[in-house]
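The values are calculated or read from the model by the stated rules, or taken from the named source; none is laboratory data. Just so you know, these numbers come straight off a predicted model, no measurement behind them. All Cβ positions, even for glycine, are placed from backbone atoms using ideal geometry, and neighbour counts span all protein chains on display. For the accessible areas, the whole protein counts, side chains as well, though only heavy atoms, and no ligand, DNA or RNA atoms are used. Shrake-Rupley method; radii C 1.70, N 1.55, O 1.52, S 1.80 Å.
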Amino acid sequence: TEAIRLDPKYALAYGQRGNAYLGQGEFDNAITDYSEAIRLDPESPFSFRERGSRYCGKGDYGKAVADFRKAIELEPDDARDHYALALAHLGAGEIEEYRKACASMLEQFGDTDDPDSAQWVACTCVLMPDEYNDLTHVVQLAEMAVDADSQAPHVTTLGAARYRAGQYQQAIKCLSDLAAKWEEGADKPTLAS
């Protein structure tokens, strides 16, 4: 707030204060600050991404979709924004739009050699069953992510990908091994990192 008082056109300060409001659970104040940061710097994907996330938190998925689309337009190679867009479509009950987002991610990032992008694609594509597509490639992306980082979120995604692809025995083994590690004191598994 003091930085904004000293320089009312300092977009980053609004974004950071938005983050602080978020930490206090004040979504409306966070959205107001992200909106001001966007007004001052409409070419920064950060504020669109954060405001979109806050809209999702409030259940305003239409506005979230618009913000995530803008973040993707500004920074198309960040797979996290594509993941967020797909989640917003799911939140809105737009299953076909979710599937289109998955297909778009596979087209754009399907040949990636970046394990983080591979993780985001795989995690996105296993959120819903998809009886129309062969998910073998999604499993391969999840395997790439696990090869680079075998922490619980990646292994959980691999187990889910194997399950969605109909590789039930491999899914059971993957997730059972993870559960055994967790019981030995490893981090609790989650779907996304």
Once the Cα gyration tensor of region 67-175 is diagonalised, semi-axes √(5λ) in Å
22, 16, 11
Which order do Cys56, Cys102 take by accessible area at a 1.4 Å probe, largest first?
Cys56, Cys102
Just reorder Asp130, Asp111 by solvent-accessible area, largest first, 1.4 Å probe, all chains present.
Asp111, Asp130
Cα-Cα over 28 Å: which of Lys9/Lys100; Lys58/Lys181; Lys70/Lys100; Lys58/Lys100?
Lys9/Lys100; Lys58/Lys181
Give me the percent of the accessible area of region 38-101 that comes from carbon and sulfur atoms, probe 1.4 Å, all protein chains in place.
47
If you roll a 1.4 Å probe over the heavy atoms of the protein chains, what accessible area per residue do you get for the chain, in Å²?
53
Per the charge dipole of the chain (beta-carbon charges, Lys/Arg positive, Asp/Glu negative, Cα centre), the residue among Pro76, Asn133, Tyr55 reaching farthest to the positive end is Tyr55
Taking 2.2 N^0.38 Å as the expected size of a compact globular protein, what ratio does the Cα radius of gyration of region 1-43 give against it, to two decimals?
1.04
Over the Cα atoms of region 141-181, how large are the radius of gyration and the largest Cα-Cα distance (Dmax), in Å?
9.1, 24
Let me check something: with ligands and nucleic acids excluded, how do His89, His137 order by accessible area (1.4 Å probe), largest to smallest?
His137, His89
Summing -39500 (n - 2.57) over the DSSP H runs of n ≥ 4 in the chain and dividing by its residue number, what mean residue ellipticity at 222 nm do you reach, to the nearest 500 deg cm²/dmol?
-23000 deg cm²/dmol
About the Cα centre, and with charges only on the beta carbon of Lys, Arg (+1) and Asp, Glu (-1), how big is the dipole of region 6-51? Nearest 20 debye, please.
60
Using eta = 1.002 mPa s and T = 20 °C, Stokes-Einstein with Kirkwood Rh from Cα pairs puts D for region 1-76, in µm² s⁻¹, at 177
Compactness index (Cα Rg / 2.2 N^0.38 Å), the chain:
1.14
Would you mind working out the magnitude of the charge dipole of the chain relative to its Cα centre, with +1 at each Lys and Arg C-beta and -1 at each Asp and Glu C-beta, to the nearest 20 Debye?
580
